[in-house]
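Take a look at the structure below.
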Amino acid sequence: MTSLPPELTNLPAPTLVEEISFDALYASRKARLVGIFAAAGIPYDVQDLETDPTQISLQEASFNETLQRQRINEAVRSYFLPFSGGTDLDALAGFYDVVRLVGEDDHRLMLRVVVAIQGRSTGGTVPRYKSIALAADIRVADAAVYTVGRDPTIHVAVFSTASGGVADAALLAKVNAALQAAPIRMVNDTIVVASAAQETIPVTARIWLLPQAPQSAIAAIEANLRTAWARDMLLGRDLTESWLKAQLQRDGVHSVELVTPAANIEIPFNRAAALGAVTLTLEGRSY
């Protein structure tokens with residue numbers, strides 16, 4: 001799934017969101033109470049005694065204020081897209097005519113809101129058509145919209161959440177129907193929908209385990225590698241040596257020597273890399 005723009009994910013919390021400290025609230029209340037007693041000429045010197053009923057009451061009031069302020073913080077955050085979630089995000093998305101699909105998580109819905117905003121133009125912009133493709137079905141993990149050279153034909157490459165990223169005929173038909181709808185497609189646009197092509201890349205590595213690591217660690221390493229790539233695989237996502245080594249260097253592994261690929265694999269924006277055969281050779285054990 002396409003990631004949110006870094007300018008959104010790296011945003012600091014709004015200044016409206018207050019830093020809350022129970023200790024600070026309690027200390028402020030206690031100091032205020034001591035001042036009130038002093039102004040009234042009432043002797044009071046047990047403010048540090050935890051069993052003093054007045055202090056117990058102040059602690060309870062401070063705790064309730066902490067909860068109330070935290071609730072206000074959460075309400076404020078819910079009005080900002082990068083910090084929203086659940087039904088609050090549904091309400092924000094609805095303002096942009098984006099409705100959560102069945103089974104859609106917050107991250108995907110948030111992404112569709114961003115793309116929908118980018119594609120608000122009535123013209124056939126890339127964000128506009130991408131937004132329509134993503135909204136067509138929850139199984140659309142990503143979509144690339146592009147033209148080739150001077151040919152005005154608009155190609156939409158669909159990357160699926162299932163079948164290793166390959167979009168089946170039914171999914172392609174659904175996306176195509178959404179893009180070809182009269183209120184969506186520009187009159188002079190020719191749109192061709194196809195599954196995103198994949199480049200299958202074999203991985204070979206030499207592994208040295210720690211002495212205490214079980215033999216089964218090798219199989220677990222391969223399973224982890226495939227799971228991680230299935231999670232991170234995106235259209236145009238390069239398969240880099242550093243990423244592979246990071247996934248292979250798991251618990252119980254002393255060192256890794258990556259044999260293939262021998263260099264970073266650069267993937268075009270409209271294609272996806274798929275892991276082929278994974279060959280992990282146990283070379284020995286070491287500290």
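Remarks
- Remark: G119 matches the filter, which requires a residue to be among the small types (G, A, S) and either within 30 Å of T190 (Cβ to Cβ) or assigned by TED's automatic domain parsing to the domain that holds P183 (or both).
- Scope region 102-119; condition in a loop (DSSP other than H, G, I, E, B) and touching a Phe, Trp or Tyr at 6+ places or on another chain (Cβ under 8 Å); matching residues: G119
- Residue match in region 2-15 (condition: outside any loop (DSSP other than H, G, I, E, B), modelled with pLDDT under 90, in contact with a Pro (Cβ under 6 Å, 6 or more places away or on another chain) and within 26 Å of M110 (Cβ to Cβ)): yes
Table: residues versus (1) at pLDDT 90 or above; (2) aromatic (F, W, Y).
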| position | (1), (2) |
| --- | --- |
| D105 | yes, no |
| V115 | no, no |
| G123 | no, no |
| Y129 | yes, yes |
| V158 | yes, no |
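- Unique match (being under 11 Å from V193 (Cα atoms), surrounded by 13 or more Cβ atoms within 10 Å (Cβ to Cβ) and either touching a Phe, Trp or Tyr at 6+ places or on another chain (Cβ under 7 Å) or not assigned by TED's automatic domain parsing to the domain that holds A273 (or both)) among A144, A169: A144
- Among the residues listed as A143, A162, A170, A157, the single one being more than 18 Å from the chain's Cα centre (by Cα) and touching a residue at least 60 places away in the same chain (Cβ under 8 Å): A157
- Per this entry, T190 is not counted among residues that are exposed (fewer than 14 other Cβ atoms within 10 Å of the Cβ) and touching a residue at least 60 places away in the same chain (Cβ under 8 Å).
- Restricting attention to region 184-206, the residues that are under 23 Å from D142 (Cα atoms) and assigned to a strand (DSSP E or B) total 10.
- Any hit, region 126-137, residues being more than 27 Å from P261 (Cα to Cα), among the basic types (K, R) and not in a loop (DSSP other than H, G, I, E, B): yes
- Residues located in region 173-183, provided they are outside any loop (DSSP other than H, G, I, E, B) and either surrounded by fewer than 17 Cβ atoms within 10 Å (Cβ to Cβ) or more than 27 Å from the chain's Cα centre (by Cα) (or both): A173, A177, Q180
- Residue match in region 58-75 (condition: modelled with pLDDT of 90 or more, touching a helix residue (DSSP H, G or I) at 6+ places or on another chain (Cβ under 8 Å) and hydroxyl-bearing (S, T, Y)): yes
The values are calculated or read from the model by the stated rules, or taken from the named source; none is laboratory data. For clarity, every value in this text was computed on a predicted model and none was experimentally measured. All Cβ positions, even for glycine, are placed from backbone atoms using ideal geometry, and neighbour counts span all protein chains on display.
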